[in-house]
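Working notes, structure below.
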Protein chains: 2
Amino acid sequence: MADPISDTDDLTRIDGSRIVVSVDAMGGDRGPEVVVAGLALAARGNPELHFILHGPEATLSPMVGRHGIADRCTLRDAPGVVSMDEKPSHVMRKGKDTSMWSTIESVRAHEADVAVSCGNTGALMAVSMVRLRKLPGVNRPAIACLWPSRNPGGFNVMLDVGADIRADADDLLQYALMGASYARNGLDLACPRIGLLNVGTEEHKGRAELKAAHELLQSAAAAGNFDYVGFVEGGDIPSARVDVIVTDGFTGNVALKTGEGTAMLIRDFLKESLTSTIVSKLAALLAMKSLKRLSQRIDPRQVNGGVFLGLNGTVVKSHGSADATGVEAAIKLAAALSKSGFSERVAARVASFNAAREGATADDADNKPGTLHD
Amino acid sequence: MADPISDTDDLTRIDGSRIVVSVDAMGGDRGPEVVVAGLALAARGNPELHFILHGPEATLSPMVGRHGIADRCTLRDAPGVVSMDEKPSHVMRKGKDTSMWSTIESVRAHEADVAVSCGNTGALMAVSMVRLRKLPGVNRPAIACLWPSRNPGGFNVMLDVGADIRADADDLLQYALMGASYARNGLDLACPRIGLLNVGTEEHKGRAELKAAHELLQSAAAAGNFDYVGFVEGGDIPSARVDVIVTDGFTGNVALKTGEGTAMLIRDFLKESLTSTIVSKLAALLAMKSLKRLSQRIDPRQVNGGVFLGLNGTVVKSHGSADATGVEAAIKLAAALSKSGFSERVAARVASFNAAREGATADDADNKPGTLHD
């Protein structure tokens, strides 16, 4: 199974210049130590990676030294920390001195190509939206995640997994466009297959906005350069029927956490089963290599990193509870996206689709007014 | 881990009378053969179980004979079959000759205590609602399922998993009452812990109806005889933090199918891992007993059977793709619920809660009008 991130051995850009990642050292559940450790892991073997690290300088400076990455890091002192339960609105008003704010500012100022944070998702999205601003034509940005799947590449893309609890039909169309762009760049699929998450695959099922989105996606597939497979169900998320699953952020977030929770439950049950008798312990020992590979295959840390789509700039949200391996995965994902010029590609795709749509709507105005324009 | 269904060795009622289960032979993905095979499995060791089996008599009669349960079955000829993609409204208009309709009629006529069908969920709910009618005080019936969990009993309850794609705050409160009743009777928990599914556990998160339901559940816990633990996330569904997870039928259905899909993906990955080398094959052989137990623990067939709550009578919806083992599990669940007088207990609980609420609202009318009666 090809991991879209760890396949990237060489993270230099095509022009050979270095990749600068802006990293929020604070706000994760495990503190800055695991973030710095994750940077050190990612830095190894990728000489072109450089970091701007945001947080209290007095705390970070010795950590960076200890991990031997002082020459790879520029420290940016930011004393404030956004806590996990802080309201986004509070951060917007009072958060200008925080490491999170400072991390996004580096992307806004074009000092860095991409930002990574383990912090509070709502606050990170709020700061990113206000400072980086939405792409023209995008109403609601989305968070996309990678999901272990039966496809040859080993992963599917799902979005939105938590940027916004609402999405109307037009938002779902934008998610499809952005998700297709992510699959093209991140999973190397020329014409990704897109499914719309619903409670059944029959056309008459589901909420009104889903029926409307179903029509929109059918019409938009050709211009958007994707293949629309119709409604899919929860069981199809890891399937080979589809590459990108489109849903609202409430449903997507519940599905993501349900999948992770199920994987962890089964992993624990498996451990219990394989340590229950002496014979099963022996078996586990024999199968250790295979079981380790399995564990990596379903380990949420290995695919750590939700990508914010629909902004002027790329932001990767790492799991709040990520350890060093998880942070490493998020950094590598950020670097790979930066290398492919992903942010510019999404922007170009959305812009060209919207231009075509405006044209089509104008042309067809007499025949079917507003069909595509909500 | 105690299975709430298979623990029930003796399914006779306390008064020793027989339990009659009305069974829809048609409408499942695998045809009537697996249904009859499932009845035969359930009948074994449970002499008090009797079936009324609905479908084309000419087809069913030889099957029943072949499986040796002719003396345990009353056949009820019904030539029509509800297909999986048939619209519920069509079944309501044209479906009076179907096996599904006939199955529910047996409960309505008090010939049977409980009904079981593998057919089209939407149609089954529509027929059940119209023929059995909703309990007084219940606006939307719900489907509850059992979910493998870390709790000592081995299962949590989740509802609604697909009766209705909508639920307002008052519906969610009814789901909590009915789910608590199910957990008390099905899982033998005196005071079940109830959680409300959301995208975060902070009080300010989520949709408006969830915030309103949060308030309602807090106020209702004492009178409803449950413990309200607040918002829970997808990862908590199989956790020991909670016994009953309350959500709308759209979200619940996606979560259920995502959990099942994840379990199947991991089972397949595990199989692959354990057959990849000679050493791992040997290990798998040694650990076979442990792995089989694991497989049963996470096998959706073992906990097959969504229960319709909020109707005058109990209906168990088996998975459309259920095999004989799955049908057996659904029949045993139906019999266990019938034995405990579950239907009457839910009705009594909802009625007494509503009576108390009416009283409270009348008393408090001056202070907080409509707080509970929204």
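Of the DSSP H helices in chain B, those that are both long (alpha-carbon extent of 20 Å or more along the helix axis) and hydrophobic (Kyte-Doolittle mean at least 0.5) are B:324-339. Taking a straight Cα-Cα cut-off under 23 Å and skipping sequence neighbours fewer than 8 places away in the same chain, the lysines within cross-link reach of B:K289 are A:K271, A:K281, A:K289, A:K292, B:K271, B:K281.
Can you give me the orientation-averaged projected area of the convex hull built on the Cα atoms of the range A:127-236, in nm²? Intermediate values should be presented prior to the final figure.
Values: hull surface 29.0 nm².
Its Cα hull, projected and averaged over all orientations, spans 7.2 nm².
Note on A:D188 and A:Q218: their simple-model spin labels are 3.5 nm apart, each label 7 Å out from Cα toward Cβ.
Per residue, the convex hull around the alpha carbon atoms of the protein assembly as shown comes to 184 Å³. Across the copies of the chain, A:G65 has label points (7 Å from Cα along Cα→Cβ) spaced 9.2 nm apart, shortest distance listed first.
Modelled spin labels at B:K134 and A:E48, positioned 7 Å past Cα toward Cβ, are 6.2 nm from each other. Within 10 Å of the Cβ of each residue in B:280-286, the mean number of Cβ atoms contributed by other protein chains is 6. Within straight-line reach of B:K134, meaning a Cα separation under 27 Å, sit the following lysines at least 8 residues removed in sequence or on another chain: A:K205, B:K87, B:K94, B:K96, B:K211, B:K257, B:K317, B:K332, B:K339. Counting neighbouring beta carbons within 10 Å and listing from fewest to most, the residues A:V279, A:V114 come out as A:V279, A:V114. Label-point distances for B:A240 to the equivalent site in the other copies, using a point 7 angstrom along Cα→C-beta, read 3.9 nm when ranked shortest first.
Considering only beta bridges that DSSP places wholly inside the protein assembly as shown, some 30 percent are antiparallel. At 0.36 nm per residue, and after removing the present C-alpha to C-alpha distance, how many nm does the segment from A:K87 to A:S321 gain when stretched out fully? Difference between extended and current length: 82.3 nm. Label positions at A:E209 and A:K96, each projected 7 Å from the Cα along the C-beta direction, are separated by 3.4 nm. Rg over Rh for chain A works out to 0.99, both radii taken from alpha-carbon positions and Rh defined as the Kirkwood radius.
Between copies, the label points at A:P136 (set 7 angstrom from Cα along Cα-to-Cβ) are spaced 6.4 nm, reported in nanometres from shortest to longest. Would you mind telling me which residue in B:G137, B:G195, B:G122 has the biggest mean-square fluctuation in a Gaussian network model of chain B, where springs connect alpha carbons within a distance under 10 angstrom? Greatest mean-square fluctuation among the candidates belongs to B:G137. Along each principal axis, taking the top coordinate minus the bottom one, the Cα set of the range A:221-265 gives 41, 22, 14 Å in descending order.
Readers should treat all values here as calculations from the given coordinates under stated rules, not as data from a laboratory. These numbers come from a predicted model, not from an experiment. Don't worry about glycine lacking a Cβ; one is built from the backbone with ideal geometry, like all the others, and counts go over all protein chains shown.
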